């Protein structure tokens, strides 16, 4: 019997597990995918918003600002890549200028530090990469860029080191309640718990329905991004938004990533599935046009990748946070759309507060782990590199040439508390395959290392989710009966 | 390990090995090749088909055989080869930073440096093919490595996008291993592959080649399930109503090669956007004195035989530089410009005083042509011309310009096709 069972191990579930793991509690997290952070947390803009955009008085507004402050601390403690960079929202005409003023006033109402409107000259002086035809810009220094995968993984790993159990490939199919006990049935087995928290991301409305909840409808919107090679990284040093169009989406942003790339996106279109990943034309080309309008210097011939993210929207405009009124001890942390990544630690804090208020006893552990180290070979000084290789010679073998990721880092990742078991999971943990050759060179080598370290046949190594097989068999094998000839 | 060398070659593929051997033969004493893989030979090691060496050795070899000849030559010549070692940076003063598991993080100093890092394949991300993002989409070279080096098959029903040589070779290779190759789909109205590969790898196995077609959709949540292709118009945009769907589990991409010049750019060497390689002089020297480039890192070649010859020139020049160990005084330099029909040239610059008798110039054309004249001109003067019955983008052209025709040229010369359409690409 668990004290708390969390459904979903994206950024929200991971932040909650991490926050709860400081207390004397039995906690379990059930994740539908075969790795943590594989839903909305995997594919988004990878930024921490300054907080001027949220409606004043909303949960989003409060939690965005609190969350970003907490994120800075967490990233320091858990060795997650994060960088403070400013945001610009740029305006080209009268309608957009009026919108800037509205945004500015919202920012002031939300208490966003340092937010102001800058004229064309100052905007271009602060950020020479902007389209010189702009008339004015909203400037907000309090934003940042982050590695969302590592942010979630780091919190989930730390939770595991503090005793939390994470069950992967455990899609929740039923939740029954008898007396004070929930029975949660998943694809990997059934578990009992006294409290259940819904951190289901793009599937949170479906999870809520399992306890008879209604009134929550998932209105997921997908968005496509282009990722550009590091050669484009110096073009801008800020997050750049246009003014939103008539549909109210924030529009196609241009932003550097902590990995040193540039991302351009997302557009917006409705999708039924919370795990939609398909890119489509002509929209993909339109995303480029949107990016070039803000930052004309982008060279899209240097594109290395595209991806699709799903905004886990519901019909309710704010986060949906609180105990269910029809099912006591079932807590929703649902509808966590943008700025959910920015707000995550604050959402978790609120979740803990709610659980405590409805009866969960919080006894702090006498000792718990609240630190984490990640060797990033390429970020070390020459002397540190030499020392690292002396200690572990595998740091001297570079497997991913584009991102300078060593065998030592890949082996480290495989032996961390939540073992990555797929090629893409390795990519998210240490960046191998993230670069300009997209794993063309390192893919087979990562494959070999994974099989060796996990003690399985290379035939069993997947690219990503279940069913994403890479190898169909060995050569010189008769396809009809599988035997070698 | 030693820290001082006459010539350090970065990359132990065919280009690097030929350059290193040539450096030794031309008087360089201490020559080091740094290779990132566990053995020298480069990508030839996974090219187990034959057809290599017809020009250089006048016999037909497999890729590994061709590589082995140069590995042996390097051994006999006393070239030091350091494998399983990655160069992480090259400085303009010829200091090279590298790492491996034995020596850790180290630097070596060299009088001259030859860049021979080869190229990489263009990916789905670079061409932004729309659709789902399942497993089963490989670059042809990655599939070749899995099959020929690791002994694993990557799928059973295959569609190939692009008709580059590696894609064509893999169409045959996968067929021989029991896979069904459904089609090879090429965006352009002609193939960039060698004609002999079209015949021997597609036609001989009844694999259809769809010219002026591209992939418009990939379906499959987990593994590739189907691919839709469509004919494209002259602007290379898909034409609605021409779609064909293929059920398959694998897509191989052979859509171009990109010289791998990250070290080159980081060193501050001037690049040529037309080749994506360094801009070089007649002896393969880059904009940084004493740093040379050759092979596919300089421009993508069709045949390894030509890589060998080019690399020998670079290796020799590096040895001469190392022996002289001073920078040449400034001298008259001619820039080679692209004229009509020409998309790039290598070298990009000529120092006539450095050219003994004649200079070899390599270039590519923008379309398929027949019965064309190649013209080298300076201002209004035609310096020299050549006749060609057939020219194609997939076949690198080579001319030898005699020195004496350059003596009156001022600042630049232009290479063009006499009857090509007005310029599309400028220097």
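Every read-out reported here was derived from the displayed coordinates using simple, explicitly stated rules and does not represent laboratory data. Keep in mind it's a predicted model, so treat the numbers as computed, not measured. Neighbour counts are summed over all protein chains in view; Cβ atoms, including those assigned to glycine, are modelled from backbone coordinates with ideal geometry.
Computed values, structure above
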item	result
Estimated FRET transfer efficiency (residue B:211, residue A:289; beta-carbon r; R0 30 Å; 0.05)	0.55
Kirkwood-based Rg to Rh ratio, segment B:356-420, C-alpha trace	0.97
Cα gyration tensor, segment B:289-427 - rounded (a/c under 1.5), prolate or oblate	oblate
Inter-probe distance in nm under a simple model that places probes 7 Å from Cα toward Cβ, at residue B:59 and residue A:391	5.3 nm
Per-residue Cβ neighbour rank within 10 angstrom, fewest leading, A:49, A:415, B:301	A:415, B:301, A:49
Peptide-level mean, for A:408-414, of C-beta atoms on other protein chains within 10 Å	0
Calculated FRET efficiency for the pair residue A:120/residue B:332, C-beta based, R₀ 35 Å, to 0.05	0.15
Kirkwood Rh in Å, taken over all unlike Cα pairs in segment B:173-289	17.3 Å
Cα-projected label distance for residue B:76 with residue B:400, points at 7 Å along beta-carbon direction, nm	2.5 nm
Theoretical ellipticity at 222 nm over chain A - DSSP helices of four or more residues, -39500 (n - 2.57) apiece, nearest 500	-9000 deg cm²/dmol
Rg over Rh [alpha-carbon atoms, Kirkwood Rh] for segment A:1-79	1.00
Peptide B:145-152, shielding by other chains (average Cβ, 10 Å cutoff)	5
Value of Rg to Rh for segment A:111-167 (Rh from inverse mean 1/r over Cα pairs, i.e. Kirkwood)	1.33
Per-q log10 I(q)/I(0), segment A:382-485, q = 0.10, 0.19, 0.20 Å⁻¹ (Debye; single scatterer per alpha-carbon; no solvent)	-0.32, -0.93, -1.00
Three semi-axes of the equivalent ellipsoid, segment A:209-345, Cα gyration tensor, whole Å, largest first	33, 15, 13
Mean separation of Cα contacts under 8 Å (6+ apart) over length of chain B, as relative contact order %	16 percent
Stokes-Einstein D in µm²/s, Kirkwood radius over Cα pairs - chain A at 37 °C with 0.692 mPa s viscosity	140 µm²/s
GNM flexibility winner over chain B from B:184, B:383, B:403 (Cα, springs under 10 Å)	B:403
Rule-of-thumb Rg ratio for segment B:138-196 [Cα; 2.2 N^0.38 Å; N residues]	1.08
Neighbour-count ranking [beta-carbon atoms within 10 angstrom, fewest first] of A:366, B:186, A:371	A:366, A:371, B:186
Percent of Cα-Cα distances greater than 22 Å, calculated over segment B:58-215	58 percent
Cα centroid separation, segment A:345-419 to segment B:123-183 (Å)	36 Å
Shielding by other protein chains, A:280-289, mean Cβ within 10 Å	2
Tensor-based shape of segment B:37-140 (alpha-carbon gyration tensor, a/c under 1.5 rounded, otherwise prolate or oblate)	oblate
Footprinting exposure proxy for A:70, A:63, A:1 (fewest neighbouring C-beta atoms within 10 Å first)	A:1, A:70, A:63
Extent along principal axes [Cα atoms of chain B; Å; largest to smallest]	63, 60, 39
Semi-axes of the equivalent ellipsoid for segment B:126-240, Cα gyration tensor, largest first, Å	22, 19, 11
Compactness of the protein assembly as shown - radius of gyration and Dmax, Cα, Å	29.5, 100
Cα point-scatterer Debye curve for segment B:272-347, base-10 log of I(q)/I(0) at q = 0.20, 0.25 Å⁻¹	-0.92, -1.26
For segment A:130-146 versus segment A:256-334, the gap between their alpha-carbon centres in whole angstrom	20 Å
Cα gyration tensor, segment A:80-139 - rounded (a/c under 1.5), prolate or oblate	oblate
Mean projected area in nm² (Cα convex hull; one quarter of hull surface) for segment B:325-399	6.2 nm²
Debye log10 I(q)/I(0) at q = 0.13, 0.18, 0.19 Å⁻¹ for segment A:347-432, Cα point scatterers	-0.60, -0.80, -0.85
Over segment A:1-136: Kirkwood hydrodynamic radius from C-alpha pairwise inverse distances, Å	17.8 Å
